[in-house]
1. Using a probe radius of 1.4 Å on heavy atoms only, what accessible surface per residue do you get for segment 86-137? Whole Å² is fine.
2. Rounded to the nearest 500, what is the chain's calculated 222 nm mean residue ellipticity when only DSSP H runs of at least 4 contribute -39500 (n - 2.57) each, over all residues?
3. Between the helical axis of 474-483 and the dominant principal axis of the chain, each derived from Cα atoms, what acute angle in degrees is found, rounded to the nearest 10?
4. According to the square roots a ≥ b ≥ c of the eigenvalues of the Cα gyration tensor, what is the shape class of segment 427-581, taking rounded for a/c under 1.5, prolate for a/b larger than b/c otherwise, and oblate for the remainder?
5. What is the gain in length, in nm to one decimal, between K368 and F82 on full extension, counting 0.36 nm per residue of separation less the C-alpha to C-alpha distance?
6. Which length gain, in nm to one decimal place, applies between N458 and F143 when the Cα-Cα distance is subtracted from 0.36 nm times their residue separation?
7. Would you please put 320-328, 287-295 in order of how densely packed they are, using the mean number of other Cβ atoms within 10 angstrom per residue and starting with the highest?
8. Taking the highest mean first, how do the peptides 568-576, 492-500, 410-418 order by number of other beta carbon atoms within 10 angstrom per residue?
Amino acid sequence: MFKTYLRLLGFAKPIQQYAIPYFVYSLLYALFNSCTFLLIIPILNTMFDSDYAFRTVNELPPLELNSEYLTTLFNYAYTQLFAEFRIENVLILLAGIAVASSFLSNLFRYLGAWTVEKLRTRTLQRIRNEMFTRVMDMHAGYFSDQRKGDIISKITSDVNVVQFCITNTLQVAFREPFLILFYLIMMVGISWELSLFSLFYLPVVALLIGSIVKRLRHPALTNQQRMGELVSALDESLAGIKVIKSYNAAGYIKRKFYDLNADLSRITLSMARRQQLASPMSEFLGITAVGVMLVFGGALVVKGSLDPGGFIAFIAMFSQITRPVRTFIDQFANINQGIAAGERIFSIIDTRSEIEDKQGAIELQGLKESIEFRDVHFTYDGSREVIDGASFEIRRGQTVALVGPSGGGKSTLSELIPRFYDPTAGDILIDGVSLRDYCQESLRAHLSVVSQDTVLFNDTIEGNIAIGKPDATHEEIVRAARIANADEFIRETPDGYATNIGDRGAKLSGGQRQRLSIARAILKNPDILILDEATSALDTESEKLVQEALNKLLVGRTSLVIAHRLSTIHNADRIVVVDHGRIAEQGTHAELMARGGIYAKLIEMQSFE
């Protein structure tokens, strides 16, 4: 727990840039704030003490921690400002000191709050940047095991909890302790007997409120987990809204969301009940203590060991000291919750990323000879084996097609080339060098993937095409769109290439989205091209346009093509048949047809002539 806390503080570096000014502001705020209450003594003595007599003081008195020092200091100030004693002048001076003290107190309070706000904002910025960077650098396999909503929750709500954990550190370290310290010093100066009672009483308040705070950590962690589940359910519902409506499943989805929301509300109310109990409890205990002090302090006033002004000032300060004590404990609760959220955040930050694989990696300069699969095996999380000893070669400039029954492992094989996953056993070589030895960014700079599940972003058409080459000119983008048979429909959109296509390209048809994806690949001009059933979800007209664009894209490139419709790949240089994770057969279309094996049966099933 403490280790997590120290790691969280690391996001506040350089913390001294904020801690030193905050230390000074907190010290001065506490000093002037407590002095404001001390002014009650001379005000009351001047106005209501019939025995009050002004005493001229011409020299600055030495510092002492008692009420007499304050009176002497006030008399010194009055002597320097006024020639004769008048009660009106005394009240004017006291009012001026009170206003000035309050102004300085609130000025330094503001400066301290502004310092904390800068620390909070910069810390929040660093945490979010770090988390988003780590998420973007994760291996693709990481996202197969994680709910997207939970990741979003960690970057948003968990980060908000953590930021207060860090910023409250300064308040716990400086502001509240200084207030408590100055109040105690001045209370001791007024009456050590009453102060002794306070020193016994305040730990009781701290223990009672602390017992409430201690119970908050587990619900806080559960609350953050439930929030992740709720965001995940919301994300899935919005992404699948058409499926939900087409199956009349809105009722089921609503009930699922309601149940999650009810559980989250229950936990939130449980936490709020404990948090809200702290303030009324401390206030009740404070009033109870004041009642006891009225009796005990009143007796001291009657005996003459405490003047009435000092007694009222003491009561006022004691009623105030419970506030910083309560705040101090509340801030510990926030720190406690922040540490719980920090543990969830570090579950992302501590996950091995692709960046960590780059050390000592080779820069891929381009494909010169071949891509070779050597006895490749792959399993998801050590369970069912998806790829079982696959071996084949893609020579430079060749088009190799992967075919076979659904679920046989074709897409998984293609995803091993860009290293979305790494083989469990065996190896994949480019020009005789293992993929693991290449820098991933340089590897991916030389390849493009066009799949049936086209991913577009809520941006302009031009922005989506240029995502693989941000520095491309408008003319280059238009040229790529023309090759992809996309320029014509783009010009028919309201703003042409500047048209926003909505979330995931919702404003476009499937064929239009696919042609933008192809234009993106053409603009990048990759050495290696992976086509994963790029036309399987399209109607006949769209498929024809997309296939024409793909044929242009394939020219002169090293390509791995996964095809459901076998009519699109009969001209491939080599066809590899994948069945249950194994390479069942491979060869040209003619060779495989002559063999009469799995491929020939698939062709027959599709009535290919």
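The values are calculated or read from the model by the stated rules, or taken from the named source; none is laboratory data. On a predicted model such as this, the values are computed, not experimentally measured, just so you know. A quick note on method: Cβ atoms are made from the backbone with ideal geometry, for glycine too, and the neighbour counts reach across all protein chains shown. We work out accessible area using only protein heavy atoms, side chains counted, and drop any ligands, DNA or RNA first. Shrake-Rupley method; radii C 1.70, N 1.55, O 1.52, S 1.80 Å.
1. The answer is 57 Å² per residue.
2. For the chain, the value works out to -20000 deg cm²/dmol.
3. Around 40 degrees separate the two axes.
4. Note, shape of segment 427-581 comes out oblate.
5. 93.3 nm
6. 111.3 nm
7. 320-328, 287-295
8. 410-418, 568-576, 492-500
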